[in-house]
1. Would you be able to tell me the number of residues in the stretch B:36-52 that are in a helix (DSSP H, G or I) and under 21 Å from B:Arg74 (Cβ atoms)?
2. Anything in the stretch A:88-99 that is open to solvent by 60 Å² or more (accessible area, probe 1.4 Å) and more than 13 Å from ligand 3 (Cβ to nearest atom)? List them, or say none.
3. If I filter the stretch B:100-113 for residues that are surrounded by fewer than 18 Cβ atoms within 10 Å (Cβ to Cβ), outside any helix (DSSP H, G or I), in contact (Cβ under 8 Å) with a residue 24 or more places away in the chain and more than 8 Å from every other protein chain (Cβ to nearest Cβ), do I get at least one hit?
4. Mind checking whether some residue in the stretch A:24-32 is within 16 Å of ligand 3 (Cβ to nearest atom), surrounded by fewer than 11 Cβ atoms within 10 Å (Cβ to Cβ) and assigned to a loop (DSSP other than H, G, I, E, B)?
5. Of the numbered conditions (1) facing another protein chain (nearest Cβ under 8 Å); (2) within 23 Å of B:Arg97 (Cβ to Cβ), A:Leu62 satisfies every one except a single condition; which is it?
6. What single numbered condition from (1) away from ligand 3 (no atom under 16 Å from the Cβ); (2) farther than 20 Å from A:Leu112 by Cα fails to hold for B:Asn121?
7. Tell me, yes or no, whether the stretch B:53-73 has at least one residue that is at negative phi, of a type outside the set (A, V, I, L, M, F, W, C), assigned by TED's automatic domain parsing to the domain that holds B:Phe6 and assigned to a strand (DSSP E or B).
8. Looking only at the stretch A:68-83, count every residue that is open to solvent by 50 Å² or more (accessible area, probe 1.4 Å) and either in contact (Cβ under 8 Å) with a residue 24 or more places away in the chain or over 26 Å from A:Thr141 (Cα atoms) (or both) and tell me the total.
2 protein chains.
Amino acid sequence: MENKIFRNFISNKGLKLTKERLAVLNEIFSFRGHFEPEQLYLRIKDSEIKASRASVYRTLNLLVESGLVGKVARTEKGNVYEQTFGQEHHDHMICDRCGAIIEFCSQKIENLQDELCKKNNFDGTSHNLVIRGLCKKCKRTKR
Amino acid sequence: MENKIFRNFISNKGLKLTKERLAVLNEIFSFRGHFEPEQLYLRIKDSEIKASRASVYRTLNLLVESGLVGKVARTEKGNVYEQTFGQEHHDHMICDRCGAIIEFCSQKIENLQDELCKKNNFDGTSHNLVIRGLCKKCKRTKR
DNA sequence: ACTGCAATTGAGACTAAATATCAATTAAAC
DNA sequence: GTTTAATTGATATTTAGTCTCAATTGCAGT
Ligand SMILES: [Mn+2]
Ligand SMILES: [Mn+2]
Ligand SMILES: [Zn+2]
Ligand SMILES: [Zn+2]
């Protein structure tokens, strides 16, 4: 399914459907959850059809552009991504100490955002809400 | 005023009030708006009392810890900061076509975020909400 | 199936933000 | 003034991500 959408996206842009791009796509959609480019590359490096670090980064950008993958946040270390196709929309809390990521979704907040867009004559298509702080565990071990 | 708060913070932590730290503080509070560490350093390098790049970064962290300065966002390029003392908190809508930035603040959303943090046992210290789409002007000229 | 060619790949060079090192300096407590 | 631990700054280091470019490959046209 995501495969079909990607093929469509690639062909629409006049690009080529390479085995490396498919390798990245398949690796991402072989599991659920958040991931960093480097980790993704390490997995692909040891898989059947490999792709270089450069290709992983390049394909990742294409996937974000296609809407199949989303950039969750930019942490101290780097970017964090997740598959978005077939996933419920949600936002994130990120622990500044251990990097733990908590997912949440508030329909009330979503509605208020829509309201604010209307009030500002803004045609909102996407949003990104990240709350930072300390997770339950790290809050206890503070200082 | 911010000067006094900083002195207090420094002395409470058993640190030293150096001319370099004061130089960074004063430079930041000499203007309003967002800034990047490198730009700040370049300004300080040419000012009366100088400070090295290392000291600028180190002092910036202290200022964030003290609450006088806030980390606005982590962009592709690096961190963006702003003075928070005496400033109203707000979030942003960004136009994907022309880059226009609309600032807004919703106390209702803020409250809902606090609620969600409590529910998740998360000690939230900051948040970042960006809504993307088309601004009033670009919505009209669509495609 | 063959050809032509622009798009793509990958190894490694490169960039730049941020941190670490450490000898020399300095704030401040006594 | 003396003492001492904190601080500074020049420089080295780290590292996520981009860039380069010769070799390769997907694919449109025949
Ligand atoms: Mn998520
Ligand atoms: Mn806000
Ligand atoms: Zn944590
Ligand atoms: Zn616009």
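The values are calculated or read from the model by the stated rules, or taken from the named source; none is laboratory data. All values derive from a computational prediction rather than experimental measurement. Backbone-built Cβ (ideal geometry, glycine too); neighbour counts: all protein chains shown. The protein model used for the area step is the full one, side chains on, heavy atoms only, and it has no ligands, DNA or RNA in it. Shrake-Rupley method; radii C 1.70, N 1.55, O 1.52, S 1.80 Å.
1. Residues meeting the conditions: 6.
2. Those that are open to solvent by 60 Å² or more (accessible area, probe 1.4 Å) and more than 13 Å from ligand 3 (Cβ to nearest atom): A:Glu88, A:His89.
3. yes
4. No: the stretch A:24-32 contains no residue that is within 16 Å of ligand 3 (Cβ to nearest atom), surrounded by fewer than 11 Cβ atoms within 10 Å (Cβ to Cβ) and assigned to a loop (DSSP other than H, G, I, E, B).
5. (1)
6. Among (1) away from ligand 3 (no atom under 16 Å from the Cβ); (2) farther than 20 Å from A:Leu112 by Cα, the lone unmet condition for B:Asn121 is (1).
7. yes
8. Counting residues in the stretch A:68-83 that are open to solvent by 50 Å² or more (accessible area, probe 1.4 Å) and either in contact (Cβ under 8 Å) with a residue 24 or more places away in the chain or over 26 Å from A:Thr141 (Cα atoms) (or both) gives 2.
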